[in-house]
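Chemist: Take this structure, written in structure tokens, and hold onto it; I'll ask about it next.
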Amino acid sequence: MLALLVLITLPAKADEACRALAGVALAHARVESATEQPGVDFPVKGDRLATHAGAHCAVRVVSQPTTDSDIHFELWLPPAGAWNGKYLQKGSGGWGGEVYTYALVTPLNRGYATAVTDDGHVADGTARFTVGHPQKIRDFGYRAIHETSVLSRRLIAAYYQRAASQAYFVGCSDGGREALMQAQRFPADFDGIVAGAPAARWSHLMTAFVANARLLDNAPLPASKLAAIQKASLASCDALDGVRDGIVDDPRRCRFDPATIQCKAGDNDDCLTAQQVATVRALYAGPADPVTGARIHPGLEPGMEDDVGSWRLWILGGEQRKFGFSNFADLVYQGRGWDSSGSDIHRDLVAAQDREAPYLDAFNPDLRAFRAHGGKLLLFHGWGDAAVPPRGTIEYVQDVGNFMSRHGEPANLDDFARLFMVPGMGHCWGGPGATSFGNEEVPPAALTQDADHDIVMALDRWVTQGKAPEQLIATRPVEPANSSARTRLLCKYPQVARNGRCVAAGNPP
């Protein structure tokens, strides 16, 4: 009878504590609802795995730090007995605009109090939410993430009657940009940050998207040619690491010239015309400012041209075009007649740097305050990423080291920041390589989940135990789920994997 009473009383107390959060006073914000959830099933949708979220208190909050702000976020609180004492916030993607609760499943099930925001607007896949709304640009750029962090920790303390011992932020793509923005603007918000494929130099990236779209308008590249390009680039570069496995280990060492498959006896899908050779070369090189000659953003890498989530989607499938055109038509020029066909790339870059870079760019190399706070930063990037070309992240890490050195800080960032480059991976996840290492929203059940195989768990271990990750083990499950899995060693940059060990890479030629 006593045991039955305990079972009845505990859920009742949990429900009472959850509902009580509706009465917590929050600066310029309010709790819209706080309800105890016995568990939530997420069915398969697209390429998403079916999964189940355990019992939790679901708290929905709206924050209005300005009269033009409408920031929504959801906070999930595991039962007191299941809470690990920590807070983990997830980043957004694309233009944001949705409270993506699916992203909260894994951290909740691991015991974290966890939250995600819509970045201050409703989604429609474009930047139209910014037209006439300068404060929403700031909310999207940095404020919504900070508001969610501050308010979530206030509610966590009210619910558990104690503060979270650690706070983490994990994001990829725009979420990776948000992650770096937190380290730069709000260095005390988080003790540990994972920044995947960060779209950090947003103004330059969007300008490059438009430049690539105009290049393809003037010199089209048929999708039917991609297989031949990839076959040739792999033939040239796959074996540079000593292993032929269909993956270019470090594309910077690749010297593939698309002219090697230039058509000699008529145009067909196995070769490139002279114009197509020039187009592919330009995509590899990255666009340049036509006035200054300076490179706007690093270009694409060889080896995954024909992958469904790489060039097929982002370059020829129109994803770069969609993001870039909306960025300029809506955000930069505010709906005032920007003509994509007559776009002046130099003028657009200057306008982007003036009108969006102060709020969206997260390329500031000054991480001194984050380092002094004791913060730890893990970055990762797929070498086959056609959405956010990967060399930009390497350049950022190098810029941080150079900045620190000039300002009397150790140039070696190992004590607080480490980068892992991922061969054979596209944007954030997926691709022909072993690309699962805790970077997916819900890790496949067949994968080992520990700090050696999971970047989020590695971050937690670094913060709480002081053990910095020297390497990670990425896995590619092979069907059926109980069969053997393909693995790849991911090494702390600039090291590379050779014969099962991380070794110095040397400088690429």
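Chemist: Which residues, taken from the range 268-287, are outside any helix (DSSP H, G or I) and surrounded by fewer than 18 Cβ atoms within 10 Å (Cβ to Cβ)?
Modeler: Residues satisfying the conditions are 268, 269, 270, 273.
Every residue, every condition in (1) touching a Leu at 6+ places or on another chain (Cβ under 8 Å); (2) at pLDDT 95 or above; (3) farther than 24 Å from residue 399 by Cα, yes or no:
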{"position": "273", "(1), (2), (3)": "no, yes, yes"}
{"position": "279", "(1), (2), (3)": "yes, yes, yes"}
{"position": "289", "(1), (2), (3)": "yes, yes, no"}
{"position": "298", "(1), (2), (3)": "no, yes, no"}
{"position": "340", "(1), (2), (3)": "no, no, yes"}
{"position": "343", "(1), (2), (3)": "no, no, yes"}
{"position": "354", "(1), (2), (3)": "no, yes, no"}
{"position": "359", "(1), (2), (3)": "no, yes, no"}
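Chemist: At least 2 residues that are out of contact with any Asp or Glu (no Cβ under 8 Å at 6 or more places or on another chain) in each: list the helices (runs of 4 or more DSSP H) lying fully within the range 128-190 that qualify.
Modeler: Per the criteria, 144-160, 174-185.
Chemist: Tell me, which residue of the range 144-154 that is surrounded by fewer than 24 Cβ atoms within 10 Å (Cβ to Cβ) and in contact with a helix residue (DSSP H, G or I) (Cβ under 9 Å, 6 or more places away or on another chain) is nearest to residue 169 (Cα to Cα)?
Modeler: This residue is 149.
Chemist: Right, here's the next one. Take residue 390 and tell me if it is at pLDDT 95 or above, touching a helix residue (DSSP H, G or I) at 6+ places or on another chain (Cβ under 6 Å) and not polar (S, T, N, Q).
Modeler: no
Chemist: For the range 56-65, how many residues are out of contact with any Phe, Trp or Tyr (no Cβ under 9 Å at 6 or more places or on another chain) and crowded, with 17+ Cβ neighbours inside 10 Å?
Modeler: Number satisfying all stated conditions: 1.
Chemist: Does at least one position in the range 221-228 carry a residue that is in a loop (DSSP other than H, G, I, E, B), closer than 30 Å to residue 331 by Cβ and not aromatic (Phe, Trp, Tyr)?
Modeler: yes
Chemist: Right, here's the next one. If you take just the strands (runs of 3 or more DSSP E) that sit entirely in the range 1-118, which of them hold at least 3 residues that are modelled with pLDDT of 95 or more?
Modeler: Here the list reads 29-37, 56-63, 71-77, 86-90, 113-117.
Chemist: So residue 265 fits all but one of (1) among the hydrophobic types (A, V, I, L, M, F, W, C); (2) without any contact (Cβ under 8 Å) to a residue 12 or more places away in the chain; (3) closer than 22 Å to residue 204 by Cβ; what number is the exception?
Modeler: Tallying (1) among the hydrophobic types (A, V, I, L, M, F, W, C); (2) without any contact (Cβ under 8 Å) to a residue 12 or more places away in the chain; (3) closer than 22 Å to residue 204 by Cβ, residue 265 fails exactly one: (3).
Chemist: Then there is this: How many residues, within the range 458-492, are in a loop (DSSP other than H, G, I, E, B), at pLDDT 95 or above and out of contact with any helix residue (DSSP H, G or I) (no Cβ under 7 Å at 6 or more places or on another chain)?
Modeler: 2
Chemist: May I pose another question? Got at least one residue in the range 333-354 being under 21 Å from the mean Cα position of the chain (by Cα), closer than 23 Å to residue 121 by Cβ and aliphatic (A, V, I, L, M)?
Modeler: Looking through the range 333-354, none of the residues is under 21 Å from the mean Cα position of the chain (by Cα), closer than 23 Å to residue 121 by Cβ and aliphatic (A, V, I, L, M).
Chemist: Name the residues in the range 98-137 that are among the small types (Gly, Ala, Ser) and surrounded by fewer than 21 Cβ atoms within 10 Å (Cβ to Cβ), would you?
Modeler: Across the range 98-137, the qualifying residues are 111, 123, 125, 132.
Chemist: Here are 297, 381: which of them is part of a strand (DSSP E or B) and either of a type outside the set (Asp, Glu) or in contact with a strand residue (DSSP E or B) (Cβ under 6 Å, 6 or more places away or on another chain) (or both)?
Modeler: Every option except 381 fails the conditions.
Chemist: Only one of these conditions is not met by residue 441: (1) under 13 Å from residue 376 (Cβ atoms); (2) out of contact with any Gly (no Cβ under 8 Å at 6 or more places or on another chain). Which number is it?
Modeler: In the conditions (1) under 13 Å from residue 376 (Cβ atoms); (2) out of contact with any Gly (no Cβ under 8 Å at 6 or more places or on another chain), residue 441 misses (1) alone.
Chemist: Could you check the range 390-415 and list, in sequence order, the residues that are assigned to a loop (DSSP other than H, G, I, E, B) and buried (at least 22 other Cβ atoms within 10 Å of the Cβ)?
Modeler: Matches in the range 390-415: 390 only.
Chemist: Further question: May I ask you to list the residues in the range 350-401 that are free of Cβ contacts under 8 Å to residues at least 60 places away in the same chain, of a type outside the set (Val, Ile, Thr) and under 29 Å from residue 210 (Cβ atoms)?
Modeler: Within the range 350-401, 351, 354, 355, 358, 365, 398, 399 qualify.
Chemist: Now a separate question. Can you pull out the residues in the range 331-345 that are more than 21 Å from residue 200 (Cβ to Cβ) and assigned to a helix (DSSP H, G or I)?
Modeler: 340, 341, 342
Chemist: If residue 403 meets every condition in (1) in the same structural domain as residue 306 (by TED's automatic domain parsing); (2) in contact with a Lys or Arg (Cβ under 9 Å, 6 or more places away or on another chain) apart from one, which number is that one?
Modeler: (1)
Chemist: Being hydrophobic (A, V, I, L, M, F, W, C), within 16 Å of residue 384 (Cβ to Cβ) and modelled with pLDDT under 95 narrows it down to one residue among 226, 240, 234, 283; which is it?
Modeler: The conditions single out 240.
Chemist: Let me ask another. Take the residues in the range 218-241 that are surrounded by 13 or more Cβ atoms within 10 Å (Cβ to Cβ) and hydroxyl-bearing (Ser, Thr, Tyr), then tell me which one is nearest to residue 281 (Cα to Cα).
Modeler: Among those residues, the one meeting the criterion is 233.
The values are calculated or read from the model by the stated rules, or taken from the named source; none is laboratory data. Please read these numbers as outputs of a predicted model, since none were measured by experiment. Cβ atoms come from the backbone with ideal geometry, glycine included; neighbour counts cover every protein chain shown.
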